[in-house]
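Colleague: Supplied in structure tokens, the structure appears directly below.
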Amino acid sequence: MPADSGEPIIVLDQVTKSFGGFQALKGVSLNVVRGHKVVVCGPSGSGKSTMIRCINRLEEHNGGRIVVDGIELTASIKNIDAVRREVGMVFQQFNLFPHLTAVENLMLAPRLVRKISKKEARALAMQYLERVHIPEQADKYPAQLSGGQQQRVAIARSLCMKPQIMLFDEPTSALDPEMIKEVLDVMGELAQEGMTMIVVTHEMGFARSVADLVVFMDKGEIVEQAPPAEFFARPRSDRTRAFLGQILKH
Amino acid sequence: MSFELALVWESLPKIVEGMGLTIELLVLSLVVGTALAVGLVLMRISGIAVLEWTAFVYTYIFRGTPMLVQLFIIYHGLAQFEAIRDSFLWVFLREPFWCAILAFSLNVAAYTAEILRGGIQGVDRGLHEAGRALGLKTHQRFLYITAPIAIRLSLPAYGNEIISLLKGTALVSLITMYDITGVARTIVAKTFAPYEIFVSAAIVYLCLTWLIQRGIGLAERRFGRYVRR
């Protein structure tokens with residue numbers, strides 16, 4: 001699939017963001033086509049997480065425009081709520097609610113935000129737990145699950161809100177190596193079903209096999225973006241080459 | 001001087017009579033004080049400067065002065081004001097019982113608000129972000145995520161607060177009331193045996209403390225059932 005076809009569902013236009021004196025994003029522009037999978041990589045502190053956290057307004061950008069599915073992110077609470085209904089997010093640290101069981105973690109937002117009944121919410125939750133292959137863990141608390149299982153519950157929790165877009169913020173970085181695959185597999189299945197995804201990760205194997213577009217960021221800027229074949233075979237920038245050299249030699 | 005064990009035993013039933021008042025003071029002050037504490041902590045975290053500052057000053061005053069001094073101010077001090085004696089409040093404030101409830105509740109509120117604030121601050125920031133990303137509103141995040149976790153984190157310190165208050169209720173014996181300590185003092189006045197009598201009062205307090213510890217232990221298990229053991 002060519003990277004420049006189709007309508008963009010996410011538009012970032014010259015987005016800037018500072019934390020105090022530190023400029024985390026220095027005018028980032030990116031278009032994400034509906035149904036595409038974008039992998040974002042780069043050294044730590046390069047602004048990858050900040051960029052995706054701006055897309056669902058966990059961080060407020062200082063300049064430029066962010067438009068998600070036709071809705072511009074402004075201070076308007078209505079717009080923020082509307083965007084958050086479209087966008088699911090998965091965190092490095094899972095961030096499951098520790099006092100709720102797996103299935104209750106999935107049920108909370110559908111009940112409170114979409115106001116569906118407890119019974120419907122439970123049925124919906126079980127359906128998504130099955131999709132991430134752990135229906136049998138439904139009544140366990142997060143602390144009783146492995147890291148990989150917790151992250152899959154977290155993915156299912158986001159999916160329960162039926163988002164059009166999923167953001168993944170280093171979803172496998174906190175996992176033991178043997179659990180990374182089970183999470184990447186679930187993400188791969190999701191990709192095949194046509195979900196629009198932005199994934200911040202260093203899993204270059206995932207980027208190669210799943211991504212439509214690989215974005216390399218450094219020091220608050222997008223240095224390079226290209227389809228994976230091109231990105232890995234012919235990186236144009238020295239910074240990209242240096243980064244790839246570091247993470248691929250292992 | 002000898003220690004008469006029999007006297008400890010004989011005085012126990014009378015002292016237990018005073019226990020009723022001690023428990024009433026404890027429970028009523030806890031309920032009122034904890035309700036006030038919830039209000040105070042909401043003020044503390046409201047992000048509205050006037051409310052935050054008011055709650056801070058309140059807490060500073062009540063934590064920063066002895067409870068006995070507060071009790072004396074309310075019981076002996078307020079009666080001096082004609083406006084208070086003429087108001088409907090006098091129905092309550094002329095009774096040492098309600099003066100004690102007022103003093104203790106205000107105290108419990110100050111300490112418990114701080115305990116709850118600590119609990120709320122202990123809730124992982126990431127959970128808020130997850131809640132926001134899922135579209136939960138501020139009050140929903142507070143009710144369904146922050147509060148249950150903060151309560152669990154606050155329980156051990158809250159247990160301490162209850163036990164402190166139990167011992168604090170002994171102050172009412174200084175404003176004409178017959179709680180455990182008050183009853184013990186009257187028996188001492190008759191028997192001239194302070195050692196035995198106060199030991200039996202101490203035993204009654206220890207029993208109550210044990211019950212409180214058990215209760216808090218059960219509550220901790222109930223609220224902490226999700227923590228890996």
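The values are calculated or read from the model by the stated rules, or taken from the named source; none is laboratory data. Fair warning: this is a prediction, and the values are worked out from it, not measured in the lab. Every residue, glycine among them, receives a Cβ derived from its backbone with ideal geometry; neighbour counts consider all protein chains shown.
Colleague: Residue by residue through region B:135-169, note down the ones that are of a type in the set (A, V, I, L, M, F, W, C), farther than 24 Å from A:A82 by Cβ and free of Cβ contacts under 8 Å to residues at least 40 places away in the same chain.
Modeller: The answer is B:A147, B:I149, B:A150, B:L153.
Colleague: One residue is enough: does region B:212-221 have a residue meeting the conditions within 14 Å of another protein chain (Cβ to nearest Cβ), under 30 Å from A:P98 (Cα atoms) and not in a helix (DSSP H, G or I)?
Modeller: No - not one qualifying residue is present in region B:212-221.
Colleague: Which condition number does A:S173 fail, the rest of (1) small (G, A, S); (2) more than 14 Å from chain B (Cβ to nearest Cβ); (3) in contact with a Ser or Thr (Cβ under 8 Å, 6 or more places away or on another chain) being met?
Modeller: Condition (2) is where A:S173 drops out.
Colleague: Let me ask something else. Could you tell me whether B:E82 is among the acidic types (D, E) and closer than 27 Å to B:W210 by Cβ?
Modeller: Against the criterion (among the acidic types (D, E) and closer than 27 Å to B:W210 by Cβ), B:E82 does not qualify.
Colleague: Here is a follow-up. Being assigned to a strand (DSSP E or B), within 14 Å of chain B (Cβ to nearest Cβ) and out of contact with any Asp or Glu (no Cβ under 6 Å at 6 or more places or on another chain) is the requirement here; does A:I198 meet it?
Modeller: It is true that A:I198 is assigned to a strand (DSSP E or B), within 14 Å of chain B (Cβ to nearest Cβ) and out of contact with any Asp or Glu (no Cβ under 6 Å at 6 or more places or on another chain).
Colleague: What helices (runs of 4 or more DSSP H) lie completely within region A:73-137 and have 3 or more residues being within 21 Å of the chain's Cα centre (by Cα), within 14 Å of chain B (Cβ to nearest Cβ) and surrounded by fewer than 18 Cβ atoms within 10 Å (Cβ to Cβ)?
Modeller: Hits in region A:73-137: A:77-86.
Colleague: Give A:R241, A:R208 a once-over and let me know the one that is over 20 Å from A:R84 (Cα atoms), in a helix (DSSP H, G or I), of a type in the set (D, E, K, R) and free of Cβ contacts under 8 Å to residues at least 12 places away in the same chain.
Modeller: Values: A:R208 fails: free of Cβ contacts under 8 Å to residues at least 12 places away in the same chain.
Going through A:R241, A:R208 in turn, the sole match is A:R241.
Colleague: Can you find a residue that is closer than 26 Å to A:L184 by Cα, of a type outside the set (A, V, I, L, M, F, W, C) and touching a Pro at 6+ places or on another chain (Cβ under 6 Å) anywhere in region A:108-121?
Modeller: Scanning region A:108-121 turns up no residue that is closer than 26 Å to A:L184 by Cα, of a type outside the set (A, V, I, L, M, F, W, C) and touching a Pro at 6+ places or on another chain (Cβ under 6 Å).
Colleague: Moving on to the next point. If you scan region A:5-40, which residues turn out to be surrounded by fewer than 23 Cβ atoms within 10 Å (Cβ to Cβ) and in a loop (DSSP other than H, G, I, E, B)?
Modeller: A:S5, A:G6, A:E7, A:G20, A:G21, A:R34, A:G35
Colleague: Among the residues that make up region B:121-135, is at least one of them more than 10 Å from chain A (Cβ to nearest Cβ) and out of contact with any Cys (no Cβ under 9 Å at 6 or more places or on another chain)?
Modeller: Yes, there is a match, as at least one residue in region B:121-135 is more than 10 Å from chain A (Cβ to nearest Cβ) and out of contact with any Cys (no Cβ under 9 Å at 6 or more places or on another chain).
Colleague: Being over 23 Å from B:M19 (Cα atoms) and modelled with pLDDT under 95 is true for just one of B:K190, B:K137. Which residue is that?
Modeller: Of B:K190, B:K137, the one residue that is over 23 Å from B:M19 (Cα atoms) and modelled with pLDDT under 95 is B:K137.
Colleague: For region A:143-159, does any single residue satisfy the condition of being surrounded by 22 or more Cβ atoms within 10 Å (Cβ to Cβ) and assigned to a strand (DSSP E or B)?
Modeller: no
Colleague: Please verify whether A:T172 is crowded, with 20+ Cβ neighbours inside 10 Å, without any contact (Cβ under 8 Å) to a residue 40 or more places away in the chain and among the polar types (S, T, N, Q), treating the condition exactly as stated.
Modeller: It is true that A:T172 is crowded, with 20+ Cβ neighbours inside 10 Å, without any contact (Cβ under 8 Å) to a residue 40 or more places away in the chain and among the polar types (S, T, N, Q).
Colleague: Please specify each residue of region A:18-54 satisfying the condition of being free of Cβ contacts under 8 Å to residues at least 60 places away in the same chain and closer than 13 Å to A:R65 by Cα.
Modeller: Those that are free of Cβ contacts under 8 Å to residues at least 60 places away in the same chain and closer than 13 Å to A:R65 by Cα: A:N31, A:C54.
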